[in-house]
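Working notes for the structure below.
Any read-out appearing in this document is the output of simple, stated calculations on the displayed coordinates, not a laboratory observation. The structure displayed is predicted, hence computed values, not measured ones. Neighbour counts run over all protein chains shown; Cβ positions are idealised from the backbone, glycine included.
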């Protein structure tokens, strides 16, 4: 049995979980609604505001699915109650980000501006040199933040580009052979 899979998922007040006959889990909360199709080898049991994921086997595939889907359901419950956010910091002279409607307009040192339209269910916000990506689906938030970062990842010599808040980037020295006279 999976150590993560056997942990209970507590359901806060205002969160409603429904499981259809074909194992489609729907979680509704104050921030929205999420759905996930889970494995047929699992059963969902809800008692007294606590959700348990129960597996029908003990082979490798069942153990993997047990922990995975318990984590996905827990992330869905967290998403519809508090939501998720990723913070990206932009560093570099002349690099800037601004919000135009639902489009994130980036100036990243290229000859052209980079415009990224927010996907459905994701909101971005620009605060100074920081871009904040918010949403209820953890996978969508992380994926969109990674797509933004991929437009200009932080480089190790001057530290220019996007980095996640709290990310430690190892800095490198410049050329060692160049001597000044």
### Message
I need the peptides 140-152, 93-105 ranked by packing, meaning the mean over residues of other C-beta atoms within 10 angstrom, with the highest value on top.
### Response
140-152, 93-105
### Query
When mean projected area of the Cα convex hull in nm² is calculated directly from the model, which label among (i) 9.3; (ii) 15.4; (iii) 11.1 fits?
(ii)
### Task
Using Cα pairs closer than 8 Å and at least 6 residues apart in sequence, work out the relative contact order for segment 35-181, in percent.
20 percent
### Message
If you average the C-alpha positions of segment 94-164 and of segment 27-43 separately, how far apart do those two centres end up, in angstrom?
### Response
29 Å
### Summary
Expected sort for 11-20, 124-133, 110-119, 64-73 on mean C-beta neighbours within 10 Å, highest first, is 64-73, 124-133, 11-20, 110-119
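If you stretched the chain out fully between residue 24 and residue 171, how much longer would it get, using 0.36 nm times the residue separation minus the C-alpha to C-alpha distance? Each step should come with its number before you reach the end.
Working: separation 147, 0.36 × 147 = 52.92 nm, distance 4.69 nm.
Between residue 24 and residue 171, full extension yields an extra 48.2 nm.
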